[in-house]
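Engineer: Provided herewith is a single structure, encoded as structure tokens, for subsequent inquiry.
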Amino acid sequence: MNYSWDWGLLFRSPHIGWIAQGFVTTIEMAVLAWCIAMTLGSLIGTLRTLDNPIAKRIGTLYVEIFRNVPLLAQLFLWYYVIPELLPASAQKFVKRDMADPQFWTSVVGLGCYTAARVAEQVRSGIQSIPRGQRSAALAMGFSTAQVYRYVLLPIGFRTVIPSLTNDFLGVFKNSSLALTLGVMELTAAARQIEEYTFHSFEPFAAATVLYSCVTLLVISLMRVVERRTRIAGNVGTAR
Amino acid sequence: MSGFDWNVILNNRGLLLQGLAVSFQLTLVAIAGGMALGTVLAMCRLSRFRPLAIAAGSYVNFLRSLPLILVIFWFYILTPQIVGHPIDAYSSVLIAFTLFEAAYYCEIIRAGIASVKAGQVNAGLALGFGQFHVMRYVVLPQAFRNMLPVLLTQAIIMFQDTSIVYVVGVRDFLTAADVVANSNNRPVELYSVVAVTFLVICFTASRLVGRLQRKYAL
């Protein structure tokens with residue numbers, strides 16, 4: 001293998017700026033999409049545990065659609081297809097006036113995709129709670145909303161924190177797909193450096209290290225959170 | 001938007017079906033390779049020989065921390081350098097998928113083996129079974145039943161993930177649709193068809209997995 005290594009190129013301008021900018025974009029996308037995913041996912045997951053059959057069906061429909069279409073196809077739908085189906089005024093906004101459309105489309109696409117996964121976690125968290133808790137709360141005179149707010153959701157979320165961590169890491173890694181729409185995130189920055197310098201190993205190594213470091217950091221951080229929020233009496237994660 | 005044009009799909013159905021075949025082919029090869037390598041990795045992780053367990057664990061955790069797209073790019077630039085001559089994108093993608101999925105399969109298989117209660121192993125040993133026979137007749141049959149639904153679900157996820165080969169230009173289903181969409185300027189029709197096709201296939205498959213799970217659950 002003859003390859004002239006030049007690690008210095010990573011630190012030369014403008015390359016270092018591209019990587020830094022790409023890294024920030026990746027984090028931004030992951031965090032924003034995660035906010036959408038948590039909000040929408042908690043709502044959909046809760047819907048699926050209600051006794052109302054219509055609410056249940058809406059939740060199931062959402063999860064099945066967003067889980068069974070590849071993320072890349074979903075991004076293409078959001079970016080190329082959905083704007084065509086909008087009414088004229090909305091179409092004009094999306095196509096002409098919206099700032100940074102690739103970025104925001106990716107955030108929404110990633111968020112809605114991950115929401116289906118979050119919904120499943122929230123649902124399994126709520127369903128893992130013994131029926132007696134719900135009955136006891138209802139017997140004490142709580143309304144359904146209060147049962148969820150004060151009993152089911154707090155316990156449910158705490159049981160599924162490890163799975164939610166996985167889903168967050170999922171959205172962080174999946175944000176790399178935004179490069180297909182032209183968003184300059186971390187992987188795209190690595191590719192751009194490759195195209196300009198004909199050095200492929202160094203930029204991709206830099207991206208690899210950054211992705212691994214964030215993953216490691218999130219995992220260690222969440223381990224602390226898991227310990228702090230562990231429900232007394234449960235086996236929890238053995239470590 | 002002008003009306004939905006079915007002809008563009010009918011006229012290019014050969015290309016699209018070819019793409020779908022490539023997606024299936026990729027999935028099957030990656031399942032076979034990923035499961036074989038994943039089993040070896042799982043055995044290594046459960047091994048009492050510490051260095052082997054640590055090496056396998058590091059491999060799995062490292063690969064799981066990376067986006068698939070990055071792994072695909074890595075093998076796209078790495079394999080030609082290693083073998084010393086240019087190699088087609090399809091082969092590099094196969095290698096990437098196998099090595100990437102092996103990390104995920106390893107975790108599933110390991111969890112399956114770990115899900116078998118220690119008492120089962122003790123009972124087997126007490127009955128006079130050797131280590132190998134306990135594994136073969138007591139642990140693995142139960143482990144396999146426990147992990148079968150997850151293994152199949154992972155296969156469905158992988159089938160969806162094959163669409164990512166788009167980034168290196170392998171003609172899978174999505175890429176074929178993209179080519180047709182661009183040459184005919186019909187993105188709405190083509191991407192919708194891709195989404196609906198995946199939805200139907202993956203939804204049916206996941207329903208079948210659910211039925212299987214209920215039938216074979218211990």
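No lab work stands behind these numbers, since they all come straight from the coordinates. These numbers come from a predicted model, not from an experiment. Glycine gets a Cβ as well: all are built from the backbone with ideal geometry, and neighbour counts include every protein chain shown.
Engineer: Over what distance in Å are the Cα centres of region A:29-71 and region B:90-157 separated?
Structural biologist: 31
Engineer: Shielding by partners for A:57-70, please: the mean number of other protein chain Cβ atoms within 10 Å of each residue's Cβ.
Structural biologist: 4
Engineer: Quick one: in region B:124-218, what % of C-alpha pairs are over 21 Å apart?
Structural biologist: Details: 2437 of 4465 pairs.
Beyond 21 Å sits 55 percent of the P(r) for region B:124-218.
Engineer: In what order do B:His133, B:His85, A:His199 fall by count of nearby beta-carbon atoms within 10 Å, going from fewest to most?
Structural biologist: Result, fewest neighbours first: B:His85, B:His133, A:His199.
Engineer: How high is the relative contact order of region A:104-189, given as a whole-number percent (alpha carbon pairs under 8 Å, six or more residues apart)?
Structural biologist: So the answer I get is 37 percent.
Engineer: For all pairs of alpha-carbon atoms in region A:147-205, what percent lies in each bin of width 10 Å, listed from the first bin to the last filled one?
Structural biologist: The distribution over region A:147-205 is 20, 28, 21, 16, 10, 4, given as percents.
Engineer: Please give every one of the aspartates and glutamates within straight-line cross-link reach of A:Lys92, meaning a C-alpha to C-alpha distance under 17 Å, and leave out same-chain neighbours fewer than 8 residues apart.
Structural biologist: Answer for A:Lys92, where 17 Å is the Cα cut-off: A:Glu84, A:Asp100, listed by chain and number.
Engineer: On to the next question. Over the protein assembly as shown, what portion of Cα pair distances is larger than 27 Å, expressed as a whole percent?
Structural biologist: The calculated P(r) of the protein assembly as shown puts 60 percent of pairs beyond 27 Å.
Engineer: Among A:Arg48, B:Arg211, which comes first, second and so on when ranked by fewest other beta-carbon atoms within 10 Å?
Structural biologist: Ranked by crowding around the Cβ, least crowded first: B:Arg211, A:Arg48.
Engineer: Please report, ordered by residue number, every helix of chain B (full DSSP H runs) that is 18 Å or longer along its axis going by C-alpha atoms and whose mean Kyte-Doolittle hydropathy reaches 0.0.
Structural biologist: Helices meeting the criterion: B:13-45, B:50-64, B:68-83, B:89-114, B:140-161, B:187-216.
Engineer: Beta carbons within 10 angstrom, averaged per residue: use that to sort the peptides A:179-185, B:92-98, A:149-155, A:220-226, highest first.
Structural biologist: Ranked from most to least packed, the peptides come out as B:92-98, A:179-185, A:149-155, A:220-226.
Engineer: Can you give the angle from 0 to 90° between the axis of helix A:201-229 and the longest principal axis of chain A, with both taken from C-alpha atoms, to the nearest 10?
Structural biologist: The answer is roughly 20 degrees.
Engineer: With an 8 Å Cα cut-off and a minimum separation of 6 or more residues, compute the relative contact order for chain A in percent.
Structural biologist: Relative contact order for chain A comes out at 29 percent.
Engineer: Could you give log10 I(q)/I(0) at q = 0.10, 0.13, 0.14 Å⁻¹ for region B:7-216, computed by the Debye formula over C-alpha point scatterers of equal weight, without solvent?
Structural biologist: Summing over Cα pairs of region B:7-216 leads to -0.55, -0.83, -0.93.
Engineer: Test of understanding: in a Gaussian network model of chain B with alpha carbons linked when under 10 Å, which of B:Tyr105, B:Tyr90, B:Tyr191 would top the mean-square fluctuation ranking?
Structural biologist: Fluctuation is largest for B:Tyr191.
Engineer: Further question: Could you work out the mean count of beta carbons from other protein chains within 10 Å of each residue's beta carbon in A:78-88?
Structural biologist: Working: counts 1, 2, 7, 9, 2, 2, 4, 3, 1, 0, 0.
For peptide A:78-88, the averaged partner shielding equals 3.
Engineer: Taking the Cβ of B:Ala56 as the center, what net charge do the other residues with Cβ under 14 Å away carry, scoring Lys and Arg +1 and Asp and Glu -1?
Structural biologist: Taking every other residue near B:Ala56 into account, the sum is +4.
Engineer: Going by C-beta contacts inside 10 Å, put A:Ile16, A:Ile44, A:Ile54, A:Ile161 in order with the fewest on the left.
Structural biologist: In increasing order of surrounding Cβ atoms, one gets A:Ile54, A:Ile16, A:Ile161, A:Ile44.
Engineer: Tell me the relative contact order for region B:52-202 as a rounded percent, counting alpha carbon contacts under 8 Å between residues six or more apart.
Structural biologist: 21
Engineer: Now, a different point. Average partner chain C-beta neighbours within 10 Å, per residue of A:211-218?
Structural biologist: 3
Engineer: Something else: Nearest 10 degrees is fine. How inclined is helix A:15-49 to the longest principal axis of chain A, computing both from alpha carbons?
Structural biologist: 20
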